[in-house]
Amino acid sequence: MDGVFEEIKDRVSMPEVVKFYGFDVNRGGMMCCPFHDDRNPSMKIYEQNYYCFGCGESGDATGFVAKIYGLRQIDAAKKISYDFGLGLFDHDRAVPIKTEPSENQKFRSWINSATAIVSAYFDKLSDWRERYRPKNENDKPNALFVESLQQMSYVEYLRDTLKFGSKEDQHDMYEHDKAVIEKIRQRLSKVKYYAPPPRRGSI
Ligand SMILES: [Zn+2]
C-alpha cells in the first residue's frame, strides 16, 4: 500500500493538486495558507511539498488533501487517485469520496486571498494618487490618477470590510462580490509590474 503514496508523488505535482482543489498560487509559487488566518500568501508550493512560513504547516500533496478534507492519509490517497484518474485502487471508480472542504474553510480561504488582492490594489491607488497628481491646472489628468479618484473610496470600503468587517458583512461579500474581487485581481495582474516612467531630468 505504501507504493500508492510514492506513485501519487510521481504522477501529480503539488501545484496541480492545490489548483485542482481551488487554491490560487501566484507567480512566485505562493498562496494564502488555509490553515491559519493568512492575509498575505505565506504558503510556498514546491513541486512535491508545501510549507507555510506563517504557521509552519508542511507536507506533501496527500497530506494536504487529508488535512483540507479531514481524511485519513489512505483516504486522501484514494480521493486523489479518483479525482486525477490515477487508477491506483481496485475500486477506484466505485469509491469517490464526496467530502468537500467545509464551507467555513472555503469562506476563510476566499476572505484571505480577497483581502490580499484588495489591499494590494488599494496600495497602488494610493501611490498613483500622489505620484500622478497633476502639477498644474493645464495638465491633462493621468489615467492612473483618474482611476485612483474613481476607485479609491470604494476599494477602501471593500478592504476595511474584508479586514475588519463583522462576520455577517464578510459573508455578504463572499456571497455577492466574487465577481468584483476577480475583476480587481485581473486589473492588478496588469499593473503589477508596471514601472513608473523615469522623471524628466533624473539620471
Ligand atoms: Zn499557515
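Within straight-line reach of LYS178, meaning a Cα separation under 19 Å, sit the following aspartates and glutamates at least 8 residues removed in sequence or on another chain: ASP24, ASP38, GLU103, GLU156, ASP160, GLU168, ASP169. Under Stokes-Einstein, with the Kirkwood radius over Cα pairs as Rh, the value for the chain at 20 °C and 1.002 mPa s is 110 µm²/s. At a temperature of 4 °C and a viscosity of 1.567 mPa s, determine how fast the stretch 113-153 diffuses translationally according to Stokes-Einstein, using the Kirkwood radius over alpha-carbon pairs as Rh; express D in µm²/s, rounded to the nearest whole number. The diffusion coefficient I find is 121 µm²/s. Annotation: for a label point projected 7 angstrom from Cα along Cα→Cβ of SER58, residues of the stretch 1-24 with backbone N closer than 20 Å are 6, 9-10, 13-18. Any chance you could give the angle, 0 to 90 degrees and rounded to 10, that helix 143-164 forms with the longest Cα principal axis of the chain? For helix 143-164, the angle is close to 50 degrees. How many angstrom lie between the C-alpha centres of the stretch 102-148 and the stretch 9-67? Centre-to-centre distance over Cα atoms comes out at 27 Å.
Can you give the FRET efficiency to the nearest 0.05 for ASN136 and TYR157, using r as the Cβ-Cβ distance and R₀ = 41 Å? Step by step, r from the Cβ atoms, then E = 0.85.
Give me the angle, in degrees from 0 to 90, between the Cα long axis of helix 178-191 and the longest principal axis of the Cα atoms of the chain, rounded to the nearest 10. With both axes taken from Cα atoms, the answer is about 70 degrees. Each of CYS32, CYS52 was scored by other Cβ atoms within 10 Å of its Cβ. Arranged with the fewest first, they read CYS52, CYS32. Beyond 29 Å in Cα-Cα separation lie the following of the pairs LYS9/LYS163; LYS67/LYS124; LYS140/LYS190; LYS78/LYS106; LYS140/LYS163; LYS79/LYS183: LYS9/LYS163; LYS67/LYS124; LYS140/LYS163; LYS79/LYS183. Cβ crowding within 10 Å ranks LEU158, LEU125, LEU149, LEU86 as LEU149, LEU86, LEU125, LEU158, fewest other Cβ atoms first. When shorter helices are ignored and each DSSP H run of at least 4 residues is given -39500 (n - 2.57), the per-residue value for the chain at 222 nm works out to -18000 deg cm²/dmol. Sorted largest first, the principal axis extents computed over the alpha-carbon atoms of the stretch 103-181 equal 53, 20, 16 Å. For the pair GLU47 and SER126, label points projected 7 Å from Cα toward Cβ lie 4.0 nm apart. Shown here are the Rg and Dmax of the Cα trace of the stretch 2-94, at 13.1, 42 Å.
Exposed loop sites here mean GluC sites (Glu not before Pro) with a DSSP loop assignment and at most 12 other beta-carbon atoms within 10 Å; the chain contains its longest site-free run at 48-136.
Where a number appears in this text, it was derived from the coordinates with a stated rule and is not lab data. Bear in mind that the values here come from a model prediction, so they are computed numbers and not experimental data. So basically every Cβ, Gly included, is an ideal-geometry build from the backbone, and we count neighbours across all protein chains shown.
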